[in-house]
Amino acid sequence: MNGLLAAPIIIPFVVAAVALLGRRRLHFQSASAILGAAVHLAVGGMLLYRVHHHGIAVLNVGGWPAPFGIALVADHLSALMVLITGVVYGSVAVYSRAEITADCLQRGYYPLLHILVGGISGAFLTGDLFNLYVWFEVMLMASFALLVLGRTRAQLDGGVKYVVINLISTLLFLAGLGLVYAMTGTLNMAHLHLKLQTVSDPGQVAAVSVLFLTAFGIKAGLFPLFFWLPASYHTPPVAVSAIFSGLLTKVGVYALIRTFTLLFPFGDSGVRDLVLGAAALTMIIGVLGAAAHSEIRRILSFHIISQVGYMVLGLGLLTPLALTGAVFYLLHHIVVKVNLFLISGLIRQWGGSFELARLGGLFRTRGLGALLFFIPAFSLAGIPPLSGFWAKLILIRASLDAGHFVLAGVAAVVGLLTVYSMSKIWNEAFWKPKAAADRQEAGGESRVSAWMLAPVGVLAALTVLIGLAPETLYQMARLASEELLDPSAYVYSVLGSVR
Amino acid sequence: METVLALLSGAMLAASLFLMLGRHLVRFIFGLVLASNAVNLLIFAAGRPGTARPPLIPDGSRLPVAAVANSLPQALILTAIVIGFALLVFIFILFFVTYQKLGTVNTEAMTDAESVTAGPGPRERAEP
C-alpha cells in the first residue's frame, strides 16, 4: 500500500520513456501525456486521501530502514503539493497539445516535461536531504532544456542567466548539506530534526541554515536573489512558462518551509528576522517591478516574486495561523498563476502580441476571454470572494495577531498595487479600443483551440470554487501547518522507535 | 588533514568566485568546475578522513572488527560528480550555441531577454 508513495514519481518517468519510444508520432506523444497526467492527478488524490485518513505515510525505498536508506514521506503538505502538481501537469499537458510547435515536439518537449514533473514530485515526497538535492538536479536539467528548446536569441540569453544562478544555488545547497552531515552524521530529515538539536554550538547550525536559506531563496525568487526569474520566464513557449511559474519557485518555497520547520526551527538566532525582512522586501520589489513593465508575461513574472514574499512571510511569522496562511497561499497561488500564464497565451492568439501597447479591444470581441482573465487576475490581487482574498486575509490577520503591524501594512499595500498591475492589463488588453493602425494587421486568429481554452476554464472554475468554499482547503492547510509546527508525528512515522 | 582540506577548499572557492565574476562565459565555466570540486572536497572532509582501513566486513562477522573509513561521503561525492559532469556538458553546449547565436561571450552584452522593447515571442504556432 505504501507503494502509492512512489507512484507520483514513477508515473512521469514511465510516460517519458513511452514518449521517447514514440518520438516521431506526435499525436501519440500528446495523447500519452494527457493520459499520464490524468493518472498522476488521480494518484495524487489517492495519496492525499490516504494521508488525510490514515496519517503520515512512509516508504523505505529498497527495504532499507529509515535513517540508513532513503525514505519517501508524505504528510499533508507533501500530499497537497503532489496533488496540485497533478493539476498543473494535466492543464499544461492539455494546453501543450495546441500550443507547442511541431519543431519543439521533435526536439523532445514531452519527455522533458514528464521528467520535470517527476523531479518535482520527487522533491515534494523525499524525506532525505541528499535525495532532495538529486531531485532538484533532475528538475533543473529538464527545466534548462525546456527553457532553451526553441533556440531563439531571447531564450538562449535568458537560459544562460537561469542556468548560471541555479547552478550556484545548487552548489550552496550541496555545501550546506555536506556541513550538516559533518555535524550530525546523518541525512535523513526526521533524524536530522533530532540530531541538529544536540549539536553543541548553535551558532554553527545557524550559519549552515543561512546557506540553505540562500540556496532555496534563489530557487524561490526571494529578494535580493530573484533577478534570474524575470530575465528568463517570459522567453519559452507559454505552456513552459506556466509550469515553471506554477511549480519551480514553489519547490523552493516548499524546501524553505520544510527545512525551517523540521531541520532549523527558528530559535533566537536572528535568522527569523532575516526571513521576515526578505519577505517584506520581496513583496514590495516584486510588485514595483511588475508596475514598471508592459509585456504581459514580464508583469506576471514579477508578480510571482511578490507573491512568494507572502508565502515566506507566513513561514517567518511561524504561528499556526500564519503557516496555515502560507500553505493556503501556496496552493491558491499555483492555480491562479498557471492560469494567468496560460491566458497570456490566449491573449496573444487573440490580439497577436504580448505587448500591452499593441493589444486592445478584446472585451468587445472576446467576452468569455475577458471573464476568464478577470477571475485569476483579481484573485491574485485579493478581491473577495475569490481565492486570493482568503489567502491574504489569513496572512494579514496572522501578522496582526503576532504584533507585526508594519508587515501587515506591507501585505495590504502590495495587494493594492497588484490590483494596479492587473487593471493595467485589463485596461490595455481588454478595455481600450484597438489602435486603428494595428487593426489592419489584425494579428490574432479568429478561433482558439479548445485544447487551450479547456484548461483555462477548469483552473478558473477551481479558483472560484476555492473562493466560494475555502473551508475544505483551509482545513487541509491547517492540518498541514499543525504537522509542520509539531514535527514529532513526522519523526515518529519515519523513525519509529529509533532515537 | 581536515585543516588542509578546509584551507584548500576555501582557496578554490575564492578563485572560482573571482573567475565567475569575470563577465566572461568561458571564465565562468572554469569557475564552476573549481567551485563544484571545492564543494566535493568539503563533503570529503565532512566524512572525517584519516582512517586508512577500507570499510569491509570479514566473513562470518556482521560488523566491521575495527574502526573503518566512512564510505558514505565518497558515495555522495560520486553522485555529485556524475551530476556535475552532466550539468557541465549541458552548460558547454548551451554556452557554445549562445555564442553562435548572439556572437558574444561577454555577459554585459547579452541583453536579448531583457531588452526594453519586447523580445521575439515564441515561434508562431504551426497550423495543423
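Results, tabulated for the structure shown:
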quantity	calculated
Any hit, segment A:153-167, residues being open to solvent by 10 Å² or more (accessible area, probe 1.4 Å), more than 8 Å from chain B (Cβ to nearest Cβ), closer than 23 Å to A:LEU315 by Cβ and touching a Leu at 6+ places or on another chain (Cβ under 6 Å)	no
Any hit, segment B:24-34, residues being under 21 Å from A:SER169 (Cβ atoms) and open to solvent by 90 Å² or more (accessible area, probe 1.4 Å)	yes
Which numbered condition A:ASP103 fails, given (1) buried (at least 24 other Cβ atoms within 10 Å of the Cβ); (2) more than 16 Å from A:ALA16 (Cβ to Cβ)	(1)
Of all residues making up segment A:176-188, the number that are surrounded by fewer than 24 Cβ atoms within 10 Å (Cβ to Cβ) and part of a helix (DSSP H, G or I)	5
Residue ID - farthest from A:GLY178 (Cα to Cα), chosen from residues in segment B:14-23 that are of a type in the set (A, V, I, L, M, F, W, C) and open to solvent by 50 Å² or more (accessible area, probe 1.4 Å)	B:LEU21
Given (1) assigned to a helix (DSSP H, G or I); (2) surrounded by 23 or more Cβ atoms within 10 Å (Cβ to Cβ), index of the condition A:LEU149 fails	(1)
Test: residue in segment A:27-43 that is outside any helix (DSSP H, G or I) and either surrounded by 15 or more Cβ atoms within 10 Å (Cβ to Cβ) or of a type in the set (S, T, N, Q) (or both)	no
Residue within segment A:98-111 that is away from every other protein chain (no Cβ under 14 Å) and either within 22 Å of B:VAL39 (Cα to Cα) or at pLDDT 90 or above (or both) present	yes
Criterion violated by A:PHE144 - all others in (1) at the interface with chain B (Cβ under 9 Å from one of its Cβ atoms); (2) at pLDDT 90 or above; (3) open to solvent by 10 Å² or more (accessible area, probe 1.4 Å) satisfied	(3)
Those residues of segment B:78-110 which are over 11 Å from the mean Cα position of the chain (by Cα), in contact (Cβ under 8 Å) with a residue 24 or more places away in the chain, more than 9 Å from chain A (Cβ to nearest Cβ) and closer than 30 Å to B:LEU41 by Cβ, in sequence order	B:PHE92, B:VAL105
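For every residue, the table says whether it meets (1) open to solvent by less than 60 Å² (accessible area, probe 1.4 Å); (2) closer than 21 Å to A:ALA278 by Cα; (3) modelled with pLDDT of 85 or more.
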{"site": "A:LEU368", "(1), (2), (3)": "no, no, no"}
{"site": "A:PHE373", "(1), (2), (3)": "yes, no, yes"}
{"site": "A:SER379", "(1), (2), (3)": "yes, no, yes"}
{"site": "A:THR418", "(1), (2), (3)": "yes, yes, yes"}
{"site": "A:PHE430", "(1), (2), (3)": "yes, no, no"}
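The values are calculated or read from the model by the stated rules, or taken from the named source; none is laboratory data. All of these numbers come straight from a predicted model, not from anything done at the bench. Neighbour counts run over all protein chains shown; Cβ positions are idealised from the backbone, glycine included. We work out accessible area using only protein heavy atoms, side chains counted, and drop any ligands, DNA or RNA first. Shrake-Rupley method; radii C 1.70, N 1.55, O 1.52, S 1.80 Å.
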